[in-house]
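The values are calculated or read from the model by the stated rules, or taken from the named source; none is laboratory data. Predicted, not measured: the structure shown is a model, and the values here were computed from it. A quick note on method: Cβ atoms are made from the backbone with ideal geometry, for glycine too, and the neighbour counts reach across all protein chains shown.
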Amino acid sequence: MREARETGLTTLRRLYDDNLYDFATPQPSYWEASAPPAAFASPPLQRDESCDVAIIGGGYTGLSAAYHLARDHGADVRVLEAGHIGWGASGRNGGFCCVGGTGLQPRGMIRRFGLDAARAWYRSQVQAVELVRDLARDEDIDVEAFGAAEVEIAHSPRAFARLESDHRAMTELLGLDAELLTRYEVSERIHDSAQQHGALISRPALGLHPLRFCRGLALAASLRGARLHSDSEVLDWSRSADGGHRLRTAGGTLRAAKVLFATNGFMPEHLRAEFHGRTLPVVSAIVVTRPLSDDERLDAGWHTEHPAINSRYLLNYFRLLPDNRFLFGARGHTRGTRDGERATYRKIIDTFRKIWPGWADVEIEYRWHGLICMTASLRPAIGRLTDDPFTFFGFGYHGNGVNTATWAGKQLADWIGHGAAPDDLPRLAREMPRRYPVPALRRAYLRTGLVLANWLDGL
């Protein structure tokens, strides 16, 4: 792990091995192989320039903010991305667009924040899914939408009892569209397996091609006047006497009145001490099969286009793709090394073949990984610094960033554009999350959590 010293505080530049931060190399993902080429210009920053708003991070948060700032507020906005646009989690996730965005289950959120706050949050999540749909339609982005709900499959009778409780909370208290299925109903409609004991279906949701959406959002932002800069990692961030900001890259310097920090799980914490230790990046890995025949798919008991997860603490997520390939993902290792990668893929593929033994001989054609972003507060952070009202941030989507990050970008654009937080931004998301105790030990906390999760999954 590299370290950098800032204002007397030793801050981590990167939590994992440098291998995870190779900005010049695209991940060998199915999305990279199947997306059309980028139709927008994103040259590196090559000289000293200025703008109204500088955005660090070219993922969903940053691109949505750039799009809405340029379209709705006429702002001169620049996006600085360390890799290519969509290099991070926005271009390599599982493509799940569904209600979530926190590390809390419905009843846990109600207990912690109260019913009104929980309702406000879930209302915003429904709006977030619809925002993605609206953007794809209005900007003519072919996201390869597939499915119309999310399915959570109980991996044990104990887990199904928890889904029953969640269903009551979602429908009776939160007003959400949810349906509880018995084991028999799941076998008929969703997934026929010995490893399922019922399921919870929630709407709205869809599966999509994440890189197509990311590039489409980038094109829409650039057409509205936002300027994008790939291969422009911010190396230094300083403030001027007049309160402005100076962002230095290898090619030039960008001066801006306001800055939005939108790097999520790939956050360079050394740039600002205020962000040190606020996040826990978690490795998530994905494999994708060759195209399945209709007979192979049905013989293995898969009957739905809906994206699905299971109820394990060590979450598995999976979905059929429009070309009949099958995607399967899971939380990964805690090192970021090549050896860790190989071990993770072996484990994921082994789990996949145990759930679907009928696909034991189906070839895996793609495998890749990335970082999701969690916080100690188990909720996203969408706001601005208290001691610097011209620095904004959006991160911590807990593996549910397709819609949450896109929505957060719009909220932040309206906040920056109007000078005040939007009325419909839930208060539970406005606070900076607390620091992890002894931030340098975060990977140790994660390893302990993985052991505990494995034990709980076995109950």
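List of remarks:
Yes/no per residue for (1) within 14 Å of Val402 (Cβ to Cβ); (2) modelled with pLDDT of 95 or more:
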| site | (1), (2) |
| --- | --- |
| Gly94 | yes, yes |
| Thr102 | no, no |
| Phe113 | no, no |
| Arg133 | yes, yes |
| Glu139 | no, yes |
| Pro157 | no, no |
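- Taken residue by residue, segment 210-224 has no member that is in contact (Cβ under 8 Å) with a residue 24 or more places away in the chain, under 17 Å from Thr304 (Cα atoms), crowded, with 21+ Cβ neighbours inside 10 Å and not aliphatic (A, V, I, L, M).
- Filter pass, Arg353 being touching a helix residue (DSSP H, G or I) at 6+ places or on another chain (Cβ under 7 Å), at pLDDT below 95 and of a type in the set (Lys, Arg): yes
- Residue within segment 371-387 that is in a loop (DSSP other than H, G, I, E, B), over 19 Å from the mean Cα position of the chain (by Cα) and either buried (at least 24 other Cβ atoms within 10 Å of the Cβ) or at pLDDT below 95 (or both) present: yes
- Pair list, Cβ under 6 Å, 6 or more apart: segment 337-358 residue part of a loop (DSSP other than H, G, I, E, B), other residue surrounded by 14 or more Cβ atoms within 10 Å (Cβ to Cβ): Thr337/Asp17; Trp356/Ala300
- Sole exception among (1) part of a strand (DSSP E or B); (2) over 25 Å from the mean Cα position of the chain (by Cα) for Arg168, by number: (1)
- For the criterion of being in contact (Cβ under 8 Å) with a residue 40 or more places away in the chain, closer than 30 Å to Ala159 by Cα and surrounded by 24 or more Cβ atoms within 10 Å (Cβ to Cβ), Leu206 passes.
- Hits in segment 183-242 - residues which are touching a strand residue (DSSP E or B) at 6+ places or on another chain (Cβ under 7 Å), assigned to a loop (DSSP other than H, G, I, E, B) and farther than 15 Å from Glu139 by Cβ: Ile190, Gln196, Gly198, Ser232, Val234, Leu235, Ser240
- Every residue from segment 359-370 that is assigned to a strand (DSSP E or B) and crowded, with 19+ Cβ neighbours inside 10 Å: Tyr366, Arg367, Trp368, His369, Gly370
- On the stretch given as segment 98-116, residues that are in a helix (DSSP H, G or I) and either surrounded by fewer than 16 Cβ atoms within 10 Å (Cβ to Cβ) or at positive phi (or both) total 5.
- Leading residue by the ranking (modelled with the highest pLDDT) among those in segment 13-37 that are farther than 25 Å from Pro291 by Cα, of a type in the set (A, V, I, L, M) and crowded, with 19+ Cβ neighbours inside 10 Å: Leu20
- Options Asp76, Asp48, Asp72; residue that is surrounded by fewer than 24 Cβ atoms within 10 Å (Cβ to Cβ) and within 15 Å of Trp415 (Cα to Cα): Asp72
- Flag if Ala178 is under 30 Å from Ala65 (Cα atoms) and either touching an Asp or Glu at 6+ places or on another chain (Cβ under 6 Å) or not hydroxyl-bearing (Ser, Thr, Tyr) (or both): no
- Single unsatisfied condition, Thr279 versus (1) among the polar types (S, T, N, Q); (2) surrounded by 20 or more Cβ atoms within 10 Å (Cβ to Cβ); (3) more than 22 Å from the chain's Cα centre (by Cα): (3)
- So Pro268, is it crowded, with 20+ Cβ neighbours inside 10 Å and either of a type in the set (Ser, Thr, Tyr) or at negative phi (or both): yes
- In segment 292-306 there is at least one residue that is under 20 Å from the mean Cα position of the chain (by Cα), surrounded by 20 or more Cβ atoms within 10 Å (Cβ to Cβ) and not hydroxyl-bearing (Ser, Thr, Tyr).
- In segment 411-459, the residue that is surrounded by the fewest Cβ atoms within 10 Å (Cβ to Cβ) out of those that are of a type in the set (D, E, K, R) and touching a Phe, Trp or Tyr at 6+ places or on another chain (Cβ under 7 Å) is Asp457.
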